[in-house]
Each structure stands twice: as structure tokens, then as C-alpha cells.
Amino acid sequence: MSGHNESILREPLITGDNITYAKITDDILMPVENKPNKAWWIGFIVSALGALLWVVAVSYTFWNGIGSWGLNKTVGWAWDITGFVWWVGIGHAGTLISAVLLLFRQNWRNSINRSAEAMTIFAVICAATYVVSHMGRPWLAYWVLPLPNQFGSLWVNFNSPLVWDMFAISTYFSVSLLFWYTGLLPDIATIRDRAVGTRRKIYSIFSFGWTGSVKTWQRFEAVSLILAGISTPLVLSVHTIVSMDFATSVIPGWHTTIFPPYFVAGAIFSGFAMVLTLLLVARKVLGLENYITMFHIESMNKIIILTGSIVGVAYLTEFFIAWYSGSEYEQYAFINRSTGPYWWSYWMMMTCNVISPQLLWFKKIRLSIKATWILSIVVNVGMWFERFVIIVTSLHRDYIPSSWAMFYPTWVDVSVFVGSIGLFFTLFLLFLRVLPSIAIAEVKLLLKSASEQAKMKQIKEGHENKEYVAEYVESLQKFDSVKQEDYAKI
Amino acid sequence: MSDIKYILGSFGDPDEMMHGIEKLQENGVSIYDVYTPMPIHGIEAKLGIKRSRIDIAAFCFGITGTCAAFALIYFCAVIDWKVNIGGKPSFALPDFIPIMFELTVLFCAFGMVLTYYASTHLFPGRAPRVMDLRATDDRFVIAVDAKDNTAHTVIDGLLKDAGALEVKYNERKYISYE
């Protein structure tokens, strides 16, 4: 850490020339310590209305039962499971950023992990509500637990992926929450020590009495690393098990061994897209350009190209295997996907997930905030369609043509989905106001080694290779938060 | 004797603070604790703090989770109520693995984090024992016990030489108590 210079070839992770430890705290706590602005209120009111719609639609479902959705005898799973898988997938980027990138020592994660983890938690909450509401009798939701009961101690079926899923999702949610909250403690203490009156009392309770003594920090780092180590296989297992909900069945189109890796890649793909959707706006509105830089955005875009391409290969592999299997039902399922009555959803998925992310190969597009933001939304639209295609298109034409049917969503289906987006944004906007959106302590770690000013000092000391410096200065051109004229002199 | 309990050297830079620790130790001044807004790597070795054994605890909790999951599933599906699924064996180990894995992670995470909270005395509502309010913001604070180390002017000088921006004399151990 401090005292050791980082290679000049690496792009800075914190830009700006007068950044001090105090300024980092001030900048990041700005939204927490001040009254919200108009943009926040507008966003909040719109999202809260969405959340209200969600409450209405879910209550309506609870009161009237699953019949209020557009399901029929043939299509027994539709928007509910689509929404569930979509949200769980979105959640994955948070754990990926906080755990996998920590293990790989990718320091750029330090300024995006906090909000990505928050996003994970809110996305998993949205996903969990789908699970409960699609049960039909949500007051009996505890039946998924292996509890002693009066039915001759008939336990849950441990061979069923749905039971595995219950364990996976609840472990994932609670471990993510623990990881997020433990990481928050030092930052809550920072807010506490700057606040007065009731605010201080409230933050004091939530800070667990954090002081930042040597031992606390030493163990904190050990705990974070081990949590990252166990969360990495956890995040992979969660979407693997979600995919097994489908893959262990014998429905053509679902019964595929490629599902686990393909779902995990898709989850990371959509998760990073959602992180970009949120952070590109937050960065601008909260003035965090110096901490979430163009380098961060470009890195996330690169992960999107990679995972998008993996997903693309998986789509093609599925098709090939369907043909190669020689099973006519499998073959029909795939021909029907691309040319049947739901052809538009299949091609929507292909365009949004496979074709449009390839645009990110162009540096100009990758570095354009507008283009990135639009593409991030396109990716999430595509990922929603992917789940719709897998679920509804595989079900709607089963083995007996007389039972073939189409799925038409009712207003309740639509409202639960739109409402869950509202709920997600409401929670995220509240988070921005009460907790620091960037891990303050972790960003402070980077100040002396990976910031623009530290590198500037390195250049000025004059011990660096000229070619490397030239390369470094060239790499700064993509940053919108760097004053290029400072480098013209050098 | 004065009422001063702790002498605090408040630094604006972690490297200067590390230098301050060295200076104090060279002069035989014992350090009570150091409070920083971020983890400082290498400080444990300087202050003679042993490696954390939390990883051992984590492993034990994890393995307990694995065993608990296996025991639960084995009891439910093999001993207590066998479900006949097409005549397949009820002891289907591959099917048990996902839940065994999830519970390993669950037990490991909760056990380890709760151990961490307990060992560092962190719990909701605990009164923060803070010596300098800026130690969570932009100051790196070395605390020296003033009763054990009576050469106050020497300590003051050493801290300032090392680059301390401010040296405080606290008459109360923790300033944040209400």
C-alpha cells in the first residue's frame, strides 16, 4: 500500500488533483449529509408509485390467487419465474464485484462494490417476493422448510431442485447482507463521528461501536477475504441451482447440461448491465466522477462483452445440441423458439444479448456514457426475454397439439413486474440517502498509490520510463474527469 | 500528577504515522492502540499483533454446516421417512450435495462474522469508545497511555518530529461517551 508506488502504466482509479482523505469523506457523504435535491425527489416519487403498484398487484394476487395471472393449463410458469430468474441474475454482479474481484485483487472494485452489493440485496428481495407470491398460498410458505409437522413427519423432498433453491437463495441473501453490512461498519462510524444529535445516536447504534483500532481492522480484512472466498463459489452455486430448476426436468428446451454455466454467465452479464444503469446516473447526479471513472465504466463494459459472448456461444451450442441429439421433440422446441409464434421474443433476445453488446468492441461506444447507458438497458431487456423464451416458449407447445396455447399476461402480471422495478429503485434511492454509496475506507486505501495525483507526483519525480509515461498520458484521454491541459506541459 | 489519561498523536498521512510508531518504539514508549480510517498494512507486525485465527474458526463453522446438512438430510430422507421415487435409492448422495454446500457457506459466514463481532466487541448499540472523532475521517491517531509513559514532553516532541499535525491530551479515555 502506501509507500509503494504503483506501475505508471496502470490507469488511475481516483482522478482529480486536490483529493485528500477529508475530501474523499466529504464527497462521498455529500448525499447522506445534505437534503436531497429535486432530481432525487422526482426519481423517488416515480419509484415509490411503482412500489405502490407492486403492493397493490401482489396483494391482489394473494387475495384472489394465482388465477389472477395469465397462466393456463399448458403455460404454468410465465412472468413470475421470468421475473424471479431475472432479478436473481441481476443480483449476481454485486457479489461478483465484491467477492470475485477482491480475490483477484482488482482494486477498481473498491469504488463500485458498495452500491453493487446494495443492488444485489434489493434484487434478491425482488426475486424472493416472486417466489413467495407464485406459491399460490403464501401463508404456507414455510412448507418449503424441513420442519417437523403433523403429516406423519413427511419432509420436504431433498431430491428436488426447488428445495435446493430455497436453501441457495436464502443463504445467498443472508450471506450477502452480512458481507455488505460488515463492510459498512467503518463507513457508518464515519457518518456517526461527523453527525450531531439524534442522527449521531441512530448511526451510533448501527455502527456497532466501531472505532477503527488496529485489531479491528486486521480481523476485518481477514473476515472480508474469507467471506469473499466463500461467496465466490456461493454465487456460482446459486445460479447453477436456479438453472437446475429447469435443467433437471425433462421438458425439451430445459433439459440441458449447458444450463449452469450459461445461466451464471447470463447472470453476470445482466448484473453488470444493471450496475452500469444505476451507477452512470448516480455518478452524474451525486458528482462522483472522480471515484467512478471512465476506467471503471470501460472495465465493466469489457466484462459485458465477455459474458455477452459466452451467452451467445451458449445459445448457439443449445441449437447445435438440439439438432445433434436427434430427439425430434428437442429439435422442435428449438425450431419453434426461433420461428414459432414467439419468434419475436427469440429474436429480441438474440439482438439484445448477442448482437448489440458486440458494439462495445468499438472504443468510441465503450467510452461513451450515453451509448453505454442505453446498451446497459438493452442488455437487461434482452436478459428478460431470454428467461421468457426459455420458460414460456418451451412450455406453450407441449406433446399434444390440442393443448397448445399462448400466454397472455393480465394487468396483474404486468403490475407485479413493473412494480418490482419500482420497489428496486425505491430501495436503491433510499440507500443513496442514508448510507455511503461508495466504500469510503476502501477508496482511501487507493489514494496514495492508485490516484491520478500520486501518479502525477511519480512523473514529476522523473524516474519513470518516458515511453511508459507517454502511454499513461495517452490512456488518460478517455477520462472525462481529468484535466488534459495539466499533461500538455509534461 | 496530572489528569491526562491519553496522549494522542494525530497524523494526516499513514506513512508519517508509521514513522511515528517507529520513533516512539525506538524511545521505549509503549503504544496503547492506533485508530485509523482505513486498514494499514504492515502495522500488525510493528505493534506485535498476532495473526488472526479467525480463519480456523471459519473452517470449523463451515465443516459443522456440512455435517449438520448431511445429518438433517440423512435423517429426513433415509431414516425417518423414505420417499419411494420410482424405486430409486433414498440415500442419493449427489442430490444432497447442493444443500450441504449451501449450509457450509451459511454456517461459515454467520459463525465467522459473529465470532468477529464478539471478539472485537461489536454489537448494535454499543457505545462507541472513540478517542478522536477524526480517526474515522482523515486522521491517523496513535494513542499513548499517559500514566504508563510519564515523559510527556518527550512523547510530544517525538510525535511532532514524525509529522503529527496535532498532539492532544485527553483527560477522559473516550470522548464519545454520553
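The values are calculated or read from the model by the stated rules, or taken from the named source; none is laboratory data. In this text the structure is predicted, and so the values were computed from the model without any measurement. Cβ placement follows ideal geometry from the backbone for every residue including glycine, while neighbour counts extend to all protein chains displayed.
Per-residue answers, yes or no, for (1) closer than 30 Å to A:LEU177 by Cα; (2) more than 7 Å from every other protein chain (Cβ to nearest Cβ); (3) touching a residue at least 40 places away in the same chain (Cβ under 8 Å); (4) aromatic (Phe, Trp, Tyr):
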{"position": "B:ILE63", "(1), (2), (3), (4)": "yes, yes, yes, no"}
{"position": "B:GLY86", "(1), (2), (3), (4)": "no, yes, no, no"}
{"position": "B:MET112", "(1), (2), (3), (4)": "yes, no, yes, no"}
{"position": "B:ALA146", "(1), (2), (3), (4)": "no, yes, yes, no"}
{"position": "B:LEU159", "(1), (2), (3), (4)": "no, yes, yes, no"}
Subject >> Qualifying helices (runs of 4 or more DSSP H) (wholly inside region B:42-142; at least 2 residues being more than 30 Å from B:ALA162 (Cα to Cα)) >> reply: B:54-73, B:93-119
Original post:
Out of region A:150-177, which residues are of a type in the set (A, V, I, L, M, F, W, C), over 17 Å from the mean Cα position of the chain (by Cα) and surrounded by fewer than 23 Cβ atoms within 10 Å (Cβ to Cβ)?
Top reply: A:PHE151, A:LEU154, A:TRP155, A:VAL156, A:LEU162, A:VAL163, A:MET166
**OP:** Tell me which residues, restricted to region A:186-241, are under 30 Å from A:SER160 (Cβ atoms) and at the interface with chain B (Cβ under 7 Å from one of its Cβ atoms).
**Re:** A:LEU227, A:ILE230, A:LEU234, A:SER237, A:ILE241
**OP:** Identify all residues within region A:63-73 that are in a loop (DSSP other than H, G, I, E, B), crowded, with 17+ Cβ neighbours inside 10 Å and of a type outside the set (A, V, I, L, M, F, W, C); write none if there are none.
**Re:** A:GLY70
**OP:** Pairs only if they're at least six apart or on different chains, beta carbon under 7 angstrom, first in region A:52-76 and farther than 13 Å from A:MET135 by Cα, second in a loop (DSSP other than H, G, I, E, B) and acidic (Asp, Glu); list them, first residue then second.
**Re:** A:THR74/A:ASP398
Original post:
Of B:GLY28, B:GLY20, which residue is loosely packed, with under 15 Cβ neighbours inside 10 Å and more than 10 Å from chain A (Cβ to nearest Cβ)?
Top reply: B:GLY28
Subject >> Residue satisfying condition, being modelled with pLDDT of 90 or more and in contact with a Gly (Cβ under 9 Å, 6 or more places away or on another chain), within set A:TRP54, A:TRP69, A:TRP87, A:TRP63 >> reply: A:TRP54
**OP:** Please work out if A:PHE158 is touching a Leu at 6+ places or on another chain (Cβ under 6 Å) and either farther than 24 Å from A:VAL264 by Cβ or at the interface with chain B (Cβ under 10 Å from one of its Cβ atoms) (or both).
**Re:** no
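So that you can scan it fast, the table gives a plain yes or no per residue for (1) among the β-branched types (Val, Ile, Thr); (2) out of contact with any strand residue (DSSP E or B) (no Cβ under 9 Å at 6 or more places or on another chain); (3) farther than 21 Å from A:SER376 by Cβ:
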| position | (1), (2), (3) |
| --- | --- |
| A:LEU184 | no, yes, yes |
| A:GLY212 | no, no, yes |
| A:LEU227 | no, yes, yes |
| A:THR232 | yes, yes, yes |
| A:SER243 | no, yes, yes |
| A:ILE251 | yes, yes, yes |
| A:PHE259 | no, yes, yes |
Subject >> Single match in A:ILE292, A:ILE297 (criterion: assigned to a helix (DSSP H, G or I) and either under 20 Å from A:VAL354 (Cα atoms) or more than 14 Å from chain B (Cβ to nearest Cβ) (or both)) >> reply: A:ILE297
**OP:** Count, please, the residues in region A:420-468 that happen to be among the acidic types (Asp, Glu), surrounded by 15 or more Cβ atoms within 10 Å (Cβ to Cβ) and farther than 19 Å from A:TYR21 by Cβ.
**Re:** 1
**OP:** Name the one entry in B:LEU93, B:LEU114, B:LEU103 that is closer than 30 Å to A:LYS444 by Cα and among the hydrophobic types (A, V, I, L, M, F, W, C).
**Re:** B:LEU114
Subject >> So A:GLY266, is it in a helix (DSSP H, G or I), more than 14 Å from chain B (Cβ to nearest Cβ) and touching an Asp or Glu at 6+ places or on another chain (Cβ under 9 Å) >> reply: yes
**OP:** Being of a type in the set (Ser, Thr, Tyr) and under 36 Å from the mean Cα position of the chain (by Cα) is the filter; apply it to region A:397-414 and report the residue that is surrounded by the most Cβ atoms within 10 Å (Cβ to Cβ).
**Re:** A:THR410
Original post:
Within region A:30-45, can you find the residues that are more than 23 Å from the chain's Cα centre (by Cα), under 22 Å from A:ARG199 (Cα atoms) and either part of a loop (DSSP other than H, G, I, E, B) or modelled with pLDDT under 90 (or both)?
Top reply: A:MET30, A:GLU33, A:ASN34, A:LYS35, A:PRO36, A:ASN37
**OP:** For region A:279-298, indicate whether the set of residues that are of a type in the set (Ser, Thr, Tyr) and buried (at least 22 other Cβ atoms within 10 Å of the Cβ) is non-empty.
**Re:** yes
**OP:** Answer yes or no: is there a residue in region A:204-225 that is in a helix (DSSP H, G or I), at pLDDT 90 or above, of a type in the set (A, V, I, L, M, F, W, C) and within 23 Å of the chain's Cα centre (by Cα).
**Re:** yes
Original post:
Just checking, how many residues over region B:155-175 are exposed (fewer than 14 other Cβ atoms within 10 Å of the Cβ) and within 19 Å of B:MET17 (Cα to Cα)?
Top reply: 1
Subject >> Spans of helices (runs of 4 or more DSSP H) in region A:386-490 with at least 3 residues in contact with a Phe, Trp or Tyr (Cβ under 7 Å, 6 or more places away or on another chain) >> reply: A:411-434, A:440-450
Original post:
Filter region B:92-132 for residues that are under 13 Å from B:THR66 (Cα atoms) and β-branched (Val, Ile, Thr); which is surrounded by the fewest Cβ atoms within 10 Å (Cβ to Cβ)?
Top reply: B:ILE97
**OP:** Quick one: which residue in A:SER153, A:SER176 is among the hydroxyl-bearing types (Ser, Thr, Tyr), facing chain B (nearest Cβ under 9 Å) and either touching a Ser or Thr at 6+ places or on another chain (Cβ under 9 Å) or over 23 Å from A:TRP79 (Cβ atoms) (or both)?
**Re:** A:SER153
**OP:** Tell me which of these A:TRP155 doesn't satisfy, since it passes every other one: (1) assigned to a loop (DSSP other than H, G, I, E, B); (2) more than 30 Å from B:ASP95 (Cα to Cα); (3) not hydroxyl-bearing (Ser, Thr, Tyr).
**Re:** (2)
**OP:** Report yes if some residue within region A:92-112 is within 14 Å of chain B (Cβ to nearest Cβ) and within 12 Å of the chain's Cα centre (by Cα); otherwise report no.
**Re:** yes
Subject >> Among the residues listed as B:PRO128, B:PRO98, the single one being within 7 Å of chain A (Cβ to nearest Cβ) and under 21 Å from the mean Cα position of the chain (by Cα) >> reply: B:PRO128
